[in-house]
1. Choose one of L183, L235, P43: the residue whose Cα lies farthest towards the positive end of the charge dipole of the chain (beta-carbon charges +1 Lys, Arg; -1 Asp, Glu; about the Cα centre).
2. Dipole of the stretch 205-291, Cα-centred, from +1 at each Lys and Arg C-beta and -1 at each Asp and Glu C-beta, to the nearest 20 debye?
3. Which value, in debye to the nearest 20, gives the size of the charge dipole of the chain about its Cα centre, when Lys and Arg are +1 and Asp and Glu are -1 at the Cβ?
4. Listed highest first by mean packing, meaning other Cβ atoms within 10 Å per residue, what order do 277-287, 155-165, 63-73, 35-45 come in?
5. DSSP loop GluC sites (Glu not before Pro) in the stretch 95-175 with at most 15 other Cβ atoms within 10 Å of their Cβ, which ones?
6. What figure, in Å² to the nearest 10, do you get for the accessible area of K32 with a 1.4 Å probe and non-protein molecules left out?
7. Output ³J(HN,Hα) for the stretch 72-87: one whole-Hz value per residue in order, computed from phi by the Karplus curve 6.51 cos²θ - 1.76 cosθ + 1.60 with θ = phi - 60°, and x for Gly and Pro.
8. Under 24 Å from the Cα of K242, which lysines turn up, not counting those fewer than eight places away in the same chain?
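The values are calculated or read from the model by the stated rules, or taken from the named source; none is laboratory data. Treat the numbers as computed from the prediction; the structure is a model and nothing was measured. Don't worry about glycine lacking a Cβ; one is built from the backbone with ideal geometry, like all the others, and counts go over all protein chains shown. With ligands, DNA and RNA removed, areas are computed over all heavy atoms of the protein, side chains included. Shrake-Rupley method; radii C 1.70, N 1.55, O 1.52, S 1.80 Å.
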Amino acid sequence: MTSRNAPASAPPAQAVEIKGLTKFYGSNGRSKPALDGVDLSIPRGAIFGLLGPNGAGKSTLINILAGLVIKSSGSATIWGIDIDEDPRNARAAIGVVPQELNLDSFFAPAELLDVQAGLYGVPKSERRTDELLALVGLTEKANAPARTLSGGMRRRLMMAKAMVHSPPVLVLDEPTAGVDVELRLQLWTTVRELAAAGTTVLLTTHYLEEAEELCRIIAIIDEGRLVACDETEALVRKVDEKKLSLTLTAPVNALPPALQAMGLALETPDRVVFHYKPSRAHVGEVLAAVAAAGLAIRDVSSEETDLEDIFLRLTRSGTSS
Ligand code: ADP
Ligand code: MG
């Protein structure tokens, strides 16, 4: 944490590149890896979501990038700088807001940012204390004792603290875990503003809605392995499945074999469901077949697949039940 001089060459296409990243904690050779050969590329300018359940390995990955955890094998570059070859400059290219907030309670926000800037060797003339406080909505609290800050203010202060050396990459480890809805929306706004100002953001979350709402690209990890990584929309489209529900005007005991053969099923005596891939199935034919079988339809509805479904399908929680 002594240099803020990231190389001034052309910005890399990938803000972060990770290859085969593996981490075994402890010396017990039989232990399961917390990270198991993870490959990831985070394009410059993206808000990138690393999604996974508790214990998936999200913090381990982030802490390796931050230089807080030593990887077992694999490689990582931040802003084109290899974390092994040039750990100092790699660390200067990243700002990290850890999952556990450890706010030094004797400094007022402005003081805290100044001290932090000093640690990174940012000259006084280049400090952005006021700008950063404004960015996270703490201008009015600039000189307030830290103990008077609410939980939400502390989180936003930690984001400002991670930005004092103007890193091109900001990493937020579960920024909204356990915060209320209002604060979560505030933090999303701050993240979007940082991204709009050109910062690449990597955030971890176990909230599917958050990743879907905020992130352009989502990687899903579970038990240390990458199980999916794609543009958010593509990830949702990839699953390409919809559920069609038909409510019948009169209940039936069973479906005619012809309809069963098409994949239709009776969910309740008056409801027929059909799981289908929109790119392949023709709903018109299904409806015609139902009508031809003499069943009258009172109502039709169709549901899109959301990230929750994808997540359940891709991780063990989907197969254990
Ligand atoms: P997440 O952030 O996704 O919840 P973590 O990276 O914190 O996951 O943890 C991944 C796995 O590594 C878990 O099984 C966890 O118990 C283990 N782990 C994390 N930190 C340590 C540590 N310091 N020592 C030993 N095991 C750890
Ligand atoms: Mg974690």
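1. Going by the charge dipole, the pick is P43.
2. On the way: 9 positive and 14 negative charges, 91 e Å.
Roughly 440 debye, rounded to the nearest 20.
3. Values: 33 positive and 40 negative charges, 126 e Å.
Here the chain has a charge dipole of around 600 debye.
4. Numbers: 277-287: 12.0, 155-165: 23.0, 63-73: 17.5, 35-45: 19.0.
Put in order of decreasing packing, that is 155-165, 35-45, 63-73, 277-287.
5. E100
6. Here the residue's solvent-accessible area equals roughly 140 Å².
7. These are the phi-based 3J(HN,Hα) values: 8, 7, x, 9, 8, 10, 10, 6, x, 9, 6, 5, 8, 6, 9, x Hz.
8. Within the straight-line cut-off, K242 pairs with K277.
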